[in-house]
């Protein structure tokens, strides 16, 4: 699924994001509102990982969404 599709369907896919990254709160996901760069930043912050690793995780996650 490309990021435009994910952004457009954010309300439907944010539950899947929460399953993938359990440290993200519902408030985090509401504020992100489908913005990829902010999702990467929030994952980086919550998990204490490098931006490149967070970006890789988001890319892998988005590819497996249908």
Candidate set: region 24-53, residues that are closer than 18 Å to residue 1 by Cα and either exposed (fewer than 13 other Cβ atoms within 10 Å of the Cβ) or more than 9 Å from the chain's Cα centre (by Cα) (or both); chosen: the one modelled with the lowest pLDDT: 33
Residue check, residue 21 buried (at least 18 other Cβ atoms within 10 Å of the Cβ) and in contact (Cβ under 8 Å) with a residue 24 or more places away in the chain: yes
Identity of the residue in region 10-23, more than 11 Å from the chain's Cα centre (by Cα) and at pLDDT below 95, that ends up nearest to residue 66 (Cα to Cα): 12
Hey, residue 63 in contact (Cβ under 8 Å) with a residue 40 or more places away in the chain, outside any loop (DSSP other than H, G, I, E, B) and over 11 Å from the mean Cα position of the chain (by Cα) or not: yes
Subset tally (residues that are in contact with a helix residue (DSSP H, G or I) (Cβ under 8 Å, 6 or more places away or on another chain), within 14 Å of residue 62 (Cα to Cα) and in a helix (DSSP H, G or I)) for region 17-36: 4
Residues located in region 37-52, provided they are farther than 11 Å from residue 17 by Cβ and touching a helix residue (DSSP H, G or I) at 6+ places or on another chain (Cβ under 8 Å): 38, 40, 41, 44, 46, 47, 49, 50, 51
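The values are calculated or read from the model by the stated rules, or taken from the named source; none is laboratory data. Remember, predicted model here, so these are calculated numbers, not experimental data. Reconstructed Cβ throughout: ideal geometry from the backbone, glycine too, with neighbour counts over all protein chains shown.
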